[in-house]
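Structure, as structure tokens:
Please treat every number below as a calculation from the coordinates, not as lab data. This structure is a prediction, so every number in the text was calculated from the model and none was measured. Cβ: placed from backbone, ideal geometry, glycine included. Neighbour counts: every protein chain shown.
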Amino acid sequence: MASRYLLCFPLLLILLAGCSGIGTHRNVNNDEQVQKSETEISEDQLLDVWIELFDPGALPDDKEEASGLSTEIREAEARYMPLQLRDTMEKTGYWGAVRVVPQGTEGGELLVRGVIVVSDGENLELAITALDASGREWFSSTYEAEVSVEAYQGAGQYGQEVFQALYNAIANDLAAHRATLAAEDIVNVRRVAALRFAADLAPDAFASYIQRGEDGRATVMRLPALDDPMYRRVNAIRERDFLLIDTLNGHFDNFYHEMQDPYEQWRKTRGEELAAMREIQRQARNRKLAGAAAILGAIAIEVLGGDSTRASTGSLRNVMIVGGAYAIKTGFDKDSETTIHRDAIEELGESFSSETRPLVVEVEGETHELTGSAEVQYSKWRALLKSIYASETGLTGTDD
């Protein structure tokens, strides 16, 4: 027991120091490493984590910032990023099963939700909310990280995610908050999760086992008997539900691996294009300023100089005016090059979007076939679970 509290101590330091931005905004250092459990945690203290598919958020209103981005890319990222977070959390040793689930899925012990605030290859900002089955919010915070184009070259050599530090920060904050919970708190969360699943599956039989307060928090009012046959059926169906979610995660994994290389290349190339575009804009601005300064200087000599000065500097003034006009022209030519790069970014975005269409999955049961997207399939599956329970128990009042 003492070793367990010693293990929690560094995590508490993370919570008080590194996680001081919880509830607000965190700028993530690119050197942040993921914290891993140094001892094995008993099974009854391992919370299963469900990470919902992220909300893709909105694209920037500014045309320049939105260049090369698209709704299709954001929707693909909303599937890709939860899997990256899942893989990070699985390596820490603090959790039970970590799964990615469709939005609105009922029955998780710890639920993590995310919204993509900014994602343009150079900057990534995610709004993350974590709450347990009882409805208690662990934290709600935004995480922001920025990387250079050079970072993609190093990450590509080692097969690393360029924004891995941001996912490490989220995983560390979750582990740090978990360390503040007493053992009985974790057991209670697991009970609430199981009873919420039972109440969702068969509200007539199990809705009275939990009660929600005015704050939305769920409290266990009573527990089913260990040998309750109805509750045993619920647990058996819950295991089927876990198997289906694992199947969905297998399809999400396929999507992740197919997306990984083109997504990495798209972000890298977009960053290179943006860097080239900014350099061209800088050169164009400097040339225009230099040209305008030369023309103004020639005019100043003409207006302020005497007759002898104007006579002696006529050739110089002509050169200044012609040179200034040429500098301004080349500045506008550079602007046209900027447009070429911007169009290249748009083409990259369209090309990437066509490579990351959501996968259509076929999941077959003994007598049922679920078709459509993974989210639609899961919605149909939950309705089918209720039908299965009703047919096995003979209870009415559940949705068929």
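Short version: ³J(HN,Hα) in whole Hz for each residue of region 218-225, in order, from phi by Karplus 6.51 cos²θ - 1.76 cosθ + 1.60 (θ = phi - 60°), x for Gly and Pro, what are they?
9, 10, 6, 8, 7, 10, x, 5
Note the full-extension length gain between ASP228 and ARG282 as 0.36 nm times their separation in residues minus their Cα-Cα distance, in nm to one decimal. Working shown, then result.
Values: separation 54, 0.36 × 54 = 19.44 nm, distance 7.36 nm.
So the extension gain works out to 12.1 nm.
Using 0.36 nm per residue of separation minus the Cα-Cα distance, give me the extension gain between HIS25 and GLU214 in nm, one decimal. Mind dumping the intermediate values first?
Numbers: separation 189, 0.36 × 189 = 68.04 nm, distance 2.84 nm.
Value of the extension gain: 65.2 nm.
Amide H of PHE54: which non-local residues (sequence gap of 5 or more, or other chain) have their own amide H closer than 5 Å, using H built in the peptide plane?
Long-range HN contacts for PHE54: none found.
Take every DSSP beta bridge whose two residues both sit in region 2-234, then give the antiparallel share in percent to the nearest 5. Please list the in-between numbers first.
Working: 21 of 32 bridges.
Expressed as a percentage, antiparallel bridges in region 2-234 total about 65.
Based on the mean of other Cβ atoms within 10 Å per residue, sort peptides 165-178, 96-109 so the most packed one is first. Walk me through the numbers before you get to the answer.
Details: 165-178: 24.4, 96-109: 19.1.
Answer by packing, highest mean first, reads 165-178, 96-109.
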